[in-house]
1. How do A:Ile91, A:Ile130, A:Ile13 stack up against each other in accessible area, from largest to smallest, with a 1.4 angstrom probe?
2. Let me spell out the model: positive unit charges on the Cβ of Lys and Arg, negative unit charges on the Cβ of Asp and Glu, origin at the Cα centre of region B:1-99. What dipole size does that give, in debye rounded to 20?
3. Give me the net charge of B:Val42's neighbourhood, meaning all other residues with Cβ under 15 Å from the Cβ of B:Val42; Lys, Arg count +1, Asp, Glu -1.
4. Once R0 is set to 22 Å, what does the formula 1/(1 + (r/R0)^6) return for the Cβ-Cβ distance between A:Val67 and B:Val65, expressed as a FRET efficiency to the nearest 0.05?
5. Total Å² of accessible surface buried at the B-A contact, 1.4 Å probe, nearest 100?
6. Ignoring ligands, DNA and RNA, how do A:Met1, A:Met66 rank by accessible area with a 1.4 Å probe, largest first?
7. Which net charge results for the neighbourhood of A:Pro27, defined as the other residues with beta-carbon distances under 15 angstrom from its beta-carbon, given Lys and Arg at +1 and Asp and Glu at -1?
8. Of the options B:Val83, B:Val65, B:Leu14, report the single residue whose Cα projects farthest towards the positive end of the charge dipole of chain B (beta-carbon charges: Lys, Arg +1; Asp, Glu -1).
Amino acid sequence: MLHLALFSIFGAICVAGAVNLLVQRHPINSALSLIAVMTSLAVEYLLLGAEFVAAVQVIIYAGAIMVLFVFVIMLLNAGEEERTRGSRVAILFGIPGVLLGGVLVAWTLIQRSGTDEVALGALPGSPTIIGWLLFHDFLLPFEVTSLLILIAIMGAVVLAGKPEAETQQTGKGH
Amino acid sequence: MVPISYYLVLSGILFGCGVVGFLIKRNIISIFMSIELMLNGVNLSFVAFAAQWHALSGQVFVFLVMVVAAAEAAVGLAIIIAVYRNRETLNVDQVNLLKL
């Protein structure tokens, strides 16, 4: 009962944040509602017994990645977006299509996989077990992701660094 | 006790919101945030399936998806800064150099 109540409350916060992200026109409001979505998703992970994933969700996603987003919004001084007129076809067929597809998928999921239920903390997702899995069964993917991160860091530095012509003109760049 | 399908429906709703935001948003940063929302929806379904089949590898995959999302955010935001430096705008309708 408590499980279902917690799921409903934080699921509602999730959906409300996601819809708010779509409705808001200023990027900073969208970013803050995305943070709300991510933190309430961390609670959903805890309900599924994934402690480590929940902690990483808050630290990496709601912390590091969203700080990067907010920092870029601040840096570029992003204002309100201009609204373009949506096409008629999108309103006529898109919205009913999305609703129909969503209801169909939800109905199928509830019909077909509604038998299994998850007890509170049914699966031990503690850092010990996840770490053991990461460094034994998934050692190669883990190392490949570290390489990916290295390449991403170098790419970000190259892309966001000062253009060379400008650096030569001012003569002060590194 | 919550049926596993509720989690899957929630993750589907989040993914759908991400797709809709990706299509209707005009600010390049908001489009990027919609992509993050889609990744979050997928992560939730990973964790839900991990709980359903008692397979912890699903949670490891979530970890890997987060790493990819972090790399993607770093590179993508660098690209946004480069685009803003060249075009002085964040509106994707005005970034149309490759349009015929």
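The values are calculated or read from the model by the stated rules, or taken from the named source; none is laboratory data. Model, not experiment: these values are computed from the prediction. Please note: Cβ atoms are built from the backbone with ideal geometry, for glycine as well, and neighbour counts cover all protein chains shown. Please note that ligands, DNA and RNA were not included when accessible areas were found on the heavy atoms of the full protein model with its side chains. Shrake-Rupley method; radii C 1.70, N 1.55, O 1.52, S 1.80 Å.
1. Working: A:Ile91 105, A:Ile130 0, A:Ile13 70 Å².
Listed by decreasing accessible area, they come as A:Ile91, A:Ile13, A:Ile130.
2. Dipole magnitude for region B:1-99 comes out near 220 debye.
3. Values: positive: none; negative: A:Glu44, B:Glu36, B:Glu72.
Computed value for this residue: -3.
4. Details: r = 19 Å, r/R0 = 0.87.
My answer for the efficiency is 0.70.
5. Numbers: alone 7220 and 13850 Å², together 14850 Å².
Using a 1.4 Å probe, the pair buries roughly 6200 Å².
6. On the way: A:Met1 170, A:Met66 0 Å².
Solvent-accessible surface, decreasing: A:Met1, A:Met66.
7. Numbers: positive: A:Arg25, A:Arg83, B:Lys25, B:Arg26; negative: A:Glu80, A:Glu81, A:Glu82, B:Glu36.
Neighbour charge sum, excluding A:Pro27 itself: 0.
8. B:Val83
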